[in-house]
Each structure stands twice: as C-alpha cells, then as structure tokens.
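Colleague: Structure incoming, see below.
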Amino acid sequence: MPAAATTTSVPSSTHAEPASSAPNSFCIVRVNRRRPEARVRMASVRAQAVDTSISPRVSALRPSKTMAITDQATALRQAGVPVIGLAAGEPDFDTPPAIAEAGINAIREGHTRYTPNAGMLELRKAICTKLQEENGISYSPDQVLVSNGAKQCITQAVLAVCSPGDEVLIPAPYWVSYPEMARLAGATPVILPTNISENFLLRPEFLAEKISEKSRLLILCSPSNPTGSVYPKELLAEIADIVQKYPRLLVLSDEIYEHIIYQPAKHTSFASLPGMWERTLTVNGFSKAFAMTGWRLGYLAAPKHFIAACGKIQSQFTSGASSISQKSGLAALNLGYAGGEAVSTMVKAFQERRDYLIRNFKELPGAKISEPQVALVPGDAFGDDNCIRISYAASLSTLQTAMANIKEAVSLLKPCVAA
C-alpha cells in the first residue's frame, strides 16, 4: 500500500512543492531561488571576499620613468600635441639591411620554431668569437646564454646570484632598472654617488668605503647609461684591485653601448682584467649598436655555473629567444669587427648629434654637461635629481628643434633671488 503523503515545512523565503512522480514514500522538496535582493547581498559578500593584494616584493617596485615619459609623449603626439621625445635611448636608424634580410630569410626558410633554451649553438659560437677578438675574453658556448634582450640577462643574473639581505652596489647616475632588479631579488640597492666634475666615474676609494659583508654584486655600466662616461682601463684596474679582496663580491658588467664611443675613449671589458673573469658576469646585446631594439636580443657570458643558474630561470620564464631574431643576430656579428661599416656610419651620426648638443648646452647660462653623452628624463630616475638625461638618438633636425625649444624655456626661467 502506498505510503501517505508527507508535509515538509520550509523557511518562508522558500516554497516546497511535492513532485508528482515521487517514487516510494519520499517527498521531494524544490526550493525556489532566493529573492533578487538576497542575490545582491551574496554577490557583494563574494566581491568583498576576493583578496586583491599584490606581492610586497612587486608592490615595492617603481615603474620605469623612462618608459612612462616615452609613453606619455607618444599619447600627446597621438592627440595632436607637437611633442619631441628625447627620453628613450633608441636609435632612429633602421636595422641594417643585411640583418633585416636575415630575419626575412629565417621566416621564409622555416626557422620559426623553438630554439635551445640557451640559444642557437651557431649564434653562441659567434658570440664567443666576437668576445675573444674584440674584448679579449675567452668563453665556450656553454658559458653563453642568449635571452630576450640585455634587460632580461641582467634581471636573471641578479636573481641568480643575490639573496634577501644582500647588497647590490650601484654607481649613480644609473640606468633606471638596476635598483628595481635588486629589490625584485630581495636585495638592497646601495647607491654610490659620483660627480660631474669627475665625469661621473666611480672613485675606487669611495667604493672601498661602501663594501660590507653584505655586498654581493657591483654593477658597472661602461660606456655608461645615462652619462655616457667611459671607464678608462687604468680606473677599472683600480676597482678590480679592490674587488678581488672580497671573495663574495661579484661584478655585473653592462657593456651594451660598447661600440657607441668616440675617440680617444676606448672600451675595456671588466672580465678581461687579471683575476676578474671568474667573478664577472658580462652583459651585451644587439639593440643599440645594430639598431635592433625591437628584435629583443641580448646575451650573458660568465662562468658555467652562473650561466646554468640563469638558464634555469629562463627555462621557466620565457624559454629561448626568438629564432628569427637569433638568425638576424648571427648576421649582425658577421658584419665585421665592431659591426663594420654599418655601425661606424651610425656612430659618426651620433657623434655629430652629440657635438651639436654640447655646443648648444654650453651656451646656456649655468648649464653643466658631461661630454661623452648627454642623453630628456628627470635625473631623479637615474639617481641624481640635479640632472636631466637627453637622448640624442633622434635625428639632427629633431635635436635642432628640441634645442630651440629648450633655449626658449630656459630663457623664461628667472634666477632665485636671495631674501
């Protein structure tokens, strides 16, 4: 005999309906959805429960002021404002035809697949040859790591060798990203001020005063971004004499501007100095000398254990650099010693622009200039708020217009009047 129907009470906000086809003696209760206002309350609770916090290490990072100003200038130009951008250090030249053609051929010939994480073997061999012939430093292919730009090389090197609590020694003015890379690794950037009267070169005795048991990495950039100063070999040797007294202290040598120098300056690779090869991580790339900023290709050369550590980071981060860019990088290294005529032509144009700016800035009352490079970004982004950086990678006609605007603006400035 069928069981009697059962009544189940439910809260007033729901409604129970017996199912017509309920088997056996069970009464199926169907609960209507909540009223709209209840759904709104629940959605609000769920939204408030989402944790939107960012990692403290990332929150502590400061965005690149160079890129911020460049982006702002681009937005103003797109809005019709006649802004002249002298912020980014990007050559206005096209990539040399032989290099560009190598990239096009790489696509046509099907070189569009993943490469080894460390980079194509033929490119790493060519980098070794270049470093031996031009820089006097010897590496094997397994001591070279090709990455997506020199910036990635530097970041991975800092992450690989620095630990929380370590200190990274950085001469100022400095490239904007160095301190942030140190912070990303949990290390503390220690800024070493330099003076325009000494051409913004680090004094060895000042370095000696700042080294502590926490010092792990000294970052040297020669030729310097942002000052353009080139460290003489004799000064680098004095710095090396100090560094070798501290077994834990490594050196990251950023040499991305090595070919953009003017006589009588000569470039010296820090790793070529006696006793420095074992503790130096040398960074270079193709962006500046070969006008390949958009190709994103750089490399790190160092003892094998450092390369292996950086390679592990890269393998989990981006993997190998673009196969097409690597083919073009190989073509760049085949242009000849120091980039051959293609690079020397660009360097001559850069020198003409630099000399023009030097002459004109010397005409401005109260202006001081570091001659190797004036490179416009507020100096505080580079660790010296008494300066501005002007990039002369723009055309000479653009620089002439910019200089006229700068002179007009300076003429409107009134000198401070003592109270």
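The values are calculated or read from the model by the stated rules, or taken from the named source; none is laboratory data. Predicted model only: the values in this text are computed from it and were never measured. Positions of Cβ are generated from backbone atoms using ideal geometry, with glycine treated the same way; all protein chains shown enter the neighbour counts. To get the accessible areas, we keep the full protein, side chains included, count just its heavy atoms, and leave off ligands, DNA and RNA. Shrake-Rupley method; radii C 1.70, N 1.55, O 1.52, S 1.80 Å.
Colleague: Leaving ligands, DNA and RNA out of it, work out the accessible area of Leu396 with a 1.4 Å probe and give it in Å² to the nearest 10.
Modeller: Near enough 50 Å² of accessible area.
Colleague: Put a dot 7 Å past each Cα toward the Cβ at Leu396 and Ala237; how far apart are the dots in nm?
Modeller: 3.9
Colleague: Using the beta-carbon distance between Glu133 and Ile358 and R0 = 30 Å, what value does 1/(1 + (r/R0)^6) give for FRET efficiency, to the nearest 0.05?
Modeller: FRET efficiency, Glu133 to Ile358: 0.40.
Colleague: Net charge near Gly298, counting Lys/Arg +1 and Asp/Glu -1 over other residues with Cβ under 11 Å of its Cβ?
Modeller: Once positives and negatives cancel, what remains is +1.
Colleague: Please list, in chain and number order, the residues 5+ apart from Ser147 or on another chain whose amide H is under 5 Å from its amide H, with Hs placed from the backbone.
Modeller: Sorted by chain and number, the residues that satisfy this are Gly298, Tyr299, Leu300.
Colleague: What does the charge add up to near Pro63, with Lys and Arg as +1, Asp and Glu as -1, over the other residues with Cβ less than 12 Å from its Cβ?
Modeller: 0
Colleague: Have a look at Tyr262, Ala150, Asn135 and report the one farthest towards the positive end of the charge dipole of the stretch 115-339, computed about the Cα centre with Cβ charges (Lys/Arg +1, Asp/Glu -1).
Modeller: Final value for the positive-end residue is Ala150.
Colleague: Check cross-link reach from Lys125 to the aspartates and glutamates: straight Cα distance under 15 Å, and skip same-chain residues fewer than eight apart.
Modeller: Of all the aspartates and glutamates, those that pass the test against Lys125 - Cα under 15 Å, at least 8 places apart if same chain - are Glu133, Glu134, Asp142.
Colleague: Could you put Tyr174, Tyr114, Tyr337, Tyr246 in order of accessible surface area, largest first, with the 1.4 Å probe and the full protein assembly present?
Modeller: From most accessible down to least: Tyr114, Tyr337, Tyr246, Tyr174.
Colleague: Right, something else. Can you find, among Asn117, Thr95, Val58, the residue sitting farthest towards the positive end of the charge dipole of the stretch 50-205, where Lys and Arg contribute +1 and Asp and Glu -1 at Cβ?
Modeller: Result: Val58, furthest along the dipole toward the positive end.
Colleague: Using a 1.4 angstrom probe, figure out how much accessible area the stretch 115-339 has per residue, in square angstrom, rounded to the nearest whole.
Modeller: 36
Colleague: Within the accessible area of the stretch 154-287, what % is carbon and sulfur when the probe is 1.4 Å and the other protein chains stay in place?
Modeller: Answer for the stretch 154-287 is 52 percent, counting heavy atoms of protein chains only.
Colleague: With r defined as the distance between the Cβ atoms of Ile84 and Glu198 and R0 fixed at 25 Å, what FRET efficiency is calculated, to the nearest 0.05?
Modeller: The computed FRET efficiency comes out at 0.20.
Colleague: Quick one: which residues, 5 or more positions from Thr227 or on another chain, have an amide H under 5 Å from its amide H? H modelled 1.01 Å from N in the peptide plane, none for Pro or chain starts.
Modeller: HN-HN under 5 Å from Thr227: empty list.
Colleague: Give me the distance between the Cα centres of the stretch 63-104 and the stretch 150-225, rounded to whole Å.
Modeller: 27
Colleague: Rounded to the nearest 5, what is the percent of antiparallel bridges among the DSSP beta bridges in the stretch 115-339?
Modeller: Percent antiparallel among DSSP bridges in the stretch 115-339 is about 30.
Colleague: A further question follows. Take the residue pairs Lys65/Lys151; Lys288/Lys362; Lys130/Lys304; Lys151/Lys288; Lys65/Lys288; Lys130/Lys266 and return only those whose Cα atoms are more than 24 Å apart.
Modeller: In this structure, Lys288/Lys362 lie more than 24 Å apart at Cα.
Colleague: I need the calculated FRET efficiency for the pair Thr345 and Val50, taking r as the beta carbon distance and R₀ as 56 Å, to the nearest 0.05.
Modeller: It comes to 0.50.
Colleague: Okay, next question. Using mean Cβ contacts within 10 Å as the protection proxy, how do 213-226, 122-135, 97-110, 68-81 order, highest first?
Modeller: Ranking the peptides 213-226, 122-135, 97-110, 68-81 by packing returns 213-226, 122-135, 97-110, 68-81.
Colleague: A further question follows. By accessible area of protein heavy atoms, probe 1.4 Å, what ranking do Glu209, Glu258 get, highest first?
Modeller: Heavy-atom accessible area, descending, gives Glu209, Glu258.
Colleague: Ordering Val50, Val410, Val176 from largest to smallest accessible area (1.4 angstrom probe), what's the sequence?
Modeller: Highest to lowest solvent-accessible surface, that is Val50, Val410, Val176.
Colleague: While we're on this one: Dipole size in debye (nearest 20) for the stretch 115-339 around its Cα centre, Lys and Arg Cβ +1, Asp and Glu Cβ -1?
Modeller: Approximately 560 debye in magnitude.
Colleague: Over the C-alpha atoms of the stretch 115-339, what are the Rg and the largest Cα-to-Cα span, Dmax, in Å?
Modeller: Values for the stretch 115-339 (Cα only, Rg and Dmax): 16.4, 48 Å.
Colleague: Would you please give the residues with an amide H less than 5 Å from that of Leu217, counting only those at least 5 places away or on a separate chain, with H modeled from the backbone geometry?
Modeller: Here the answer is Glu167, Leu169, Leu250, since their amide H atoms fall under 5 Å of that of Leu217.
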